[in-house]
Structures are given as C-alpha cells and as structure tokens.
Amino acid sequence: MKKWLSGFLLVLTAGFVLAGCNSEGAADQGSAEDVDQEIVVNAMSEPPDLDPALATDTTSGWVLDHVFEGLYTKDKEGNPVLGTASDVQVSDDGKTYTFTIREDATWSDGSPVTAQDFEYGWKRVLNPDTGSSFAFYMYYIKGAEAYNKGEGSVDDVGVRAEDEKTLVVDLEAPLGYFDELLTMWTFYPVKKDVVESDANWSASEDSYVSNGPFKLTSWEHDSQVVIEKNEEYWDKDVVKLDKVTYEMVNDATTYYQMFKTNELDLIQTLPTDVIDQEKDSEEYKETPYFGTYMYMFNVDKEPFTNAKIRRAFSLAVDRTSLTENVSKAGETPAYAFVPEGVETPEGDFRETGGAYFEEDAGKAKQLLQEGMEEEGWDELPEVTLLYNTSENHKKIAEAVQEMYSQNLGVDIKLSNQEWKTYLDTTEQGNFQMARMGWIGVLVDPVVILDYYLGDSPNNRTNWINEEYDELIAQAKVEQDEQKRYDLLHQAEEVLMEDLPFNPIYHYTNTYLTSQNFEDIVYPVNRYPYLKWAQKVSE
C-alpha cells in the first residue's frame, strides 16, 4: 500500500515532498549569506487569474500559495498547521470552529489582517455574482450552498467575525479534514477596500495586496511574474529567498535548454525525449501527483452524445504504450477516475475498486458500430481533439490519434490553444473531446469525484446524473468511515458506466532543479513550494 499520499493536496492542470535538493554546492562558492537569494522557475504559461476567488488552475495556484496564507498552512512534510490563525477551538460536536487571528498577521501594505478579512473573502467566493468555480468547496459551511445557488441569504452563511481577531465558522456536519481544506487558496482572505476600489486589483502589482511569505512586485503579462520576500509577513524569518521569478516558456525543448544554460533554476514536465538520459542525474526528481490525466467528452456534441461511442473511444487507447513510450515519467495507466494513494479500512481505495474496463480494440469497434446504428449514422461525425498548447500534450494527442486510426478506423483532427484561451473555450463547451487534468485538493476520493457533479462549474462535459450526485451528497455527511467509502465506490461505478470522459493515466511529475538550492518542497498535489528554499552556492 502506498504511503506517500498522507497529507493535504489540488485542480485543473496546464501541464505538467520535505524533499530538499540536498546538495552541498561547490565548496569554494562560500556560504549561503554570500550568494544572491534569487531563483528563476518556469511557470510555462500565463497564470489565468491571481484572484483567490477566481483561480481554478495549478499555474495560478503556484503563485497564490506563495503570496497568500490562510488560517492554516502546511509544514515541510505537508501537514496542516496553523498559519494566519494562532489558535483554534472546536466544539464538542465538531461543527463549530473558533479561530483567533495572529496579532502579528499583517497585509503586505502594513495593515493588520482581521477576522473581517476572512469573512469578507469567503462570502465573496460564495456570492453568486462573483462567479467562483470553486465555491462548492465551501458548501460544508452552514448556509453556504443555499447562498451560492441564490436560494438563501448571506446572513445565513456560517462565517462571522465576532471582533477584529475572532472568526467563528459553523459547518453543516463534522468534517475530519477541514483543517486540510482550509489550506486551499479559495479560503484565503482578501482585503475589502483593495478589492472594491479596483475591479482589476489582481491583474497588476500596483494594486495587489496579499498576506503571504512573498508579495507580487512585477507582472509582465505573458512574459514573467516576480514575487519578492514580504517583510510584513509574520513568519518572515524562515523565508530565505529575496526574489522568485516565474518565467512563461511553454516550449519544452526551449525551457529544457534554458535550464541547461542556467537561465532557469527549476523546470517541470520534462520533454519526454530527455527523461531517460536525465533519470540518473542528481538534478532529476520524480514525484507522485494525486490526479488523473484525461480526455473529456462533451455529451451534448455528436458523436459523444452516444454512450457506446464514448466507451469505444476509451477502449481503443493503449495506456501502457502511452505511459511507457510517450509520456515516460512513471505514470500509472488509468482505468478509473480516483488514483491510488487513499487508505481505507479495506485497503487502498483504487485497489479495492479495481479497474472498470480494459483495452480491447475488437470490442471498441463493435461498440462504435452499435452506437452509430443507434444514431442512424452511416458515417461517424468528424471528431476534433482539443488540447492546451504543450509539446508533451501534443505527443500524447498524436499517439492517441494514431491509436484511433488503427484500432477504430477513425481519423480524428487535432487542435490546440494557449492555456487561458483553452480554459475559456472548454468552459463555454465549445469542444467535442478535450484534454484535462484534475488534481485532488486533498487525498480523498470525494475531491476527485466532485469534478463530475452535475452542478460543478468544473464539469465541462454537460454530463449530469442524479444518482451520482446523490451518492456524493450522502458520502459528504456520512460519519461511518467504511459506509462513506462504500458510497464513493458506488458513485465512481455510476461515473465509469456512463464514461463522460476517457481516463488516460494517473500523474507523476518530473523536475530538474539546480543543485545550488536546498529545502525546496515538492508536494504531491501542487508545484514546488519555496517558502523555506535557500540558495547555497552560485
């Protein structure tokens, strides 16, 4: 049974843990005090949104996790610990949390962080007018779902500031992982006067105010983001880096060469054709990533209105060949949605649930023919597979394109868009079949399965199943652990029967990191965390 997934985890992914780069560096380079404490990393693409209420992807989250902090944060081992809160008291029934905000918690503009900042920030996420795609993560809070869906009042939401430093949160039911959930960026505070004085406050360093270990100091859109040490941060003494630069280089060959010429200190999602030669390098790191790489089917667009055709397209993909010969980063072929790594009373959730299908070209052809007959089609409607611009995504899409040609006799077209545009396109439903990745907010099946809820803004397939939604709802309030997992298994079974998506593999992340740095943390759900990072040599 895998033990690496024991802490808090996240989300929509554009590309593709204390694990320090424990290099001593060159002995003649002097101590860490003698080197510039700066690091240059590759974000690959423009962060779509640096507003905690609106961000939905890991690229934006990478920056947000460094410039903001919630009531809880994470330690080096990935465990939730108090962050902007100095104390928490939980009622005997587990439904009421009373937080005390640190006296020394300060915004980057020098003003104090208050309980009102959290109340305002959370209720802003839930406000239907905000349009937050991640508002559903707050539905555990009393009255939150009703308010977000326009069926209740903001006054009934169970979040209230009793004074400047006391925040009380009432839950609908006890939630064992509430502390982990609160480390997610959706629960970060925002400053009311900053937000309400400028609708575009989060798009420029001039108007940006945050409360984390770093602050935003430059944003050259589609080029780079720069964050610098926040001297107002309450725990600033543990922050060693003075500056972090996020470059936006999307071509894998280019950013690999930039790493080799010391223009980048850290890159992720290595070009597939260099992985074999880099695996023995001290700079190479491979980490599990609690999520699933998939192709979504738009069930309102032909031919994927037909369930048999969706299943045919799933059975025709050789996942073992893809992971061994194309992606090559140690990924696990996916025959379900929830990855391995969730420990349950009966064992690993994935091992217990097993695979829901197996590759079978013959069966795929049969299902395709049956589906076409059901629809009265002599020819299959033309199919285009959409993916976000990335060399690795392109290689996988081309391999899948060839598999459909050989195993189904179907020639599909390929199309790609830049990440931000791609998110808008898929959100609007302007696709037939599209690449997506979903990473768990924490290591639990429910936060993976949440993706395909009928009312989830992240579910871009237009698939709605009342039985599925009800099983997830029951699981969220079930206090008996085994019964809860049984409900989640039943929900996944419903999902895998209808197959509104084609699971390809469960993620692994690959990195190259300069050995001039140590104490970089590599979470199993997010990109590297740099709060404790230190440059030890030039």
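The values are calculated or read from the model by the stated rules, or taken from the named source; none is laboratory data. What you are looking at is a predicted structure, and each value in this text was computed from that prediction instead of being measured. So basically every Cβ, Gly included, is an ideal-geometry build from the backbone, and we count neighbours across all protein chains shown. Just the protein is used for accessible areas: all its heavy atoms, side chains included, with ligands, DNA and RNA removed. Shrake-Rupley method; radii C 1.70, N 1.55, O 1.52, S 1.80 Å.
So in the stretch 56-92, with the set limited to residues that are in contact with an Asp or Glu (Cβ under 7 Å, 6 or more places away or on another chain) and outside any helix (DSSP H, G or I), which one is most open to solvent (accessible area, probe 1.4 Å)?
Selected residue: V81.
Taking interchain pairs and intrachain pairs at least six residues apart, which have beta carbon atoms under 7 angstrom, with the first residue in the stretch 161-174 and small (G, A, S) and part of a loop (DSSP other than H, G, I, E, B) and the second modelled with pLDDT under 95 and surrounded by fewer than 18 Cβ atoms within 10 Å (Cβ to Cβ)?
Close Cβ pairs (under 7 Å, with a partner that is modelled with pLDDT under 95 and surrounded by fewer than 18 Cβ atoms within 10 Å (Cβ to Cβ)) amount to A173/V477.
Here's the yes/no breakdown for (1) of a type in the set (K, R); (2) over 23 Å from H489 (Cα atoms); (3) in contact with a Gly (Cβ under 6 Å, 6 or more places away or on another chain):
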| residue | (1), (2), (3) |
| --- | --- |
| E302 | no, yes, no |
| A334 | no, no, no |
| G341 | no, no, no |
| R350 | yes, no, no |
| G354 | no, no, no |
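Just checking, which of D411, D455 is at pLDDT below 95 and assigned to a loop (DSSP other than H, G, I, E, B)?
D455
Among all residue pairs at least 6 apart or on different chains, which show Cβ distances below 6 Å where the first residue, located in the stretch 507-525, is closer than 24 Å to F337 by Cβ and the second is of a type in the set (S, T, Y) and assigned to a loop (DSSP other than H, G, I, E, B)?
Nothing qualifies.
Suppose we filter Y289, Y284 for residues that are open to solvent by 10 Å² or more (accessible area, probe 1.4 Å), among the aromatic types (F, W, Y) and within 22 Å of V524 (Cβ to Cβ); which single one remains?
On the way: Y289 fails: open to solvent by 10 Å² or more (accessible area, probe 1.4 Å).
Sole residue among the options that is open to solvent by 10 Å² or more (accessible area, probe 1.4 Å), among the aromatic types (F, W, Y) and within 22 Å of V524 (Cβ to Cβ): Y284.
Might you let me know whether the stretch 413-431 holds any residue that is out of contact with any His (no Cβ under 6 Å at 6 or more places or on another chain) and under 21 Å from N325 (Cα atoms)?
yes
Could you give every pair whose Cβ atoms fall below 8 Å, whose first residue belongs to the stretch 210-227 and is closer than 13 Å to Y188 by Cβ, and whose second residue is hydroxyl-bearing (S, T, Y) and assigned to a strand (DSSP E or B), counting only separations of at least 6 or pairs across chains?
Final answer for the pair search is N211/T106.
Among residues belonging to the stretch 508-530 that are open to solvent by 10 Å² or more (accessible area, probe 1.4 Å) and either charged (D, E, K, R) or within 25 Å of L385 (Cα to Cα) (or both), point out the one that is modelled with the lowest pLDDT.
Looking at the filtered set, the residue picked out is R526.
Return the residues of the stretch 366-390 that are touching a helix residue (DSSP H, G or I) at 6+ places or on another chain (Cβ under 9 Å) and open to solvent by 60 Å² or more (accessible area, probe 1.4 Å); say none if nothing qualifies.
Q366, Q369, E374, E375, D378, E379
Please count how many residues of the stretch 445-477 are acidic (D, E), in contact with a helix residue (DSSP H, G or I) (Cβ under 8 Å, 6 or more places away or on another chain) and either at positive phi or surrounded by 17 or more Cβ atoms within 10 Å (Cβ to Cβ) (or both).
Start the filter on the stretch 445-477 by keeping residues that are acidic (D, E), which leaves 450, 455, 466-467, 469-470.
Going one step further and asking which of them are in contact with a helix residue (DSSP H, G or I) (Cβ under 8 Å, 6 or more places away or on another chain), we end up with 450, 455, 467.
Then keep just the ones that are either at positive phi or surrounded by 17 or more Cβ atoms within 10 Å (Cβ to Cβ) (or both); that gives 450.
Residues flagged as acidic (D, E), in contact with a helix residue (DSSP H, G or I) (Cβ under 8 Å, 6 or more places away or on another chain) and either at positive phi or surrounded by 17 or more Cβ atoms within 10 Å (Cβ to Cβ) (or both) within the stretch 445-477 amount to 1.
Before we move on, is P112 out of contact with any Pro (no Cβ under 8 Å at 6 or more places or on another chain), under 22 Å from V447 (Cα atoms) and open to solvent by 20 Å² or more (accessible area, probe 1.4 Å)?
no
Inside the stretch 242-280, can you point out the residues that are more than 25 Å from K229 (Cα to Cα), modelled with pLDDT of 95 or more and not in a helix (DSSP H, G or I)?
If the condition is that a residue be more than 25 Å from K229 (Cα to Cα), modelled with pLDDT of 95 or more and not in a helix (DSSP H, G or I), then T261 is the only one that fits.
Assess whether E497 counts as being open to solvent by 10 Å² or more (accessible area, probe 1.4 Å) and not polar (S, T, N, Q).
Yes.
At pLDDT 95 or above and surrounded by fewer than 17 Cβ atoms within 10 Å (Cβ to Cβ) - does that describe any residue in the stretch 38-54?
Scanning the stretch 38-54 turns up at least one residue that is at pLDDT 95 or above and surrounded by fewer than 17 Cβ atoms within 10 Å (Cβ to Cβ).
Here's a check for you: in the stretch 139-184, which residue that is more than 15 Å from Q89 (Cβ to Cβ), in contact with a strand residue (DSSP E or B) (Cβ under 8 Å, 6 or more places away or on another chain) and of a type in the set (D, E) is surrounded by the most Cβ atoms within 10 Å (Cβ to Cβ)?
Here the answer is E180.
Tell me whether the stretch 313-330 contains one or more residues that are open to solvent by less than 60 Å² (accessible area, probe 1.4 Å), touching a Cys at 6+ places or on another chain (Cβ under 9 Å) and at pLDDT 95 or above.
Within the stretch 313-330 (the criterion being open to solvent by less than 60 Å² (accessible area, probe 1.4 Å), touching a Cys at 6+ places or on another chain (Cβ under 9 Å) and at pLDDT 95 or above), the answer is no, since none of the residues qualifies.
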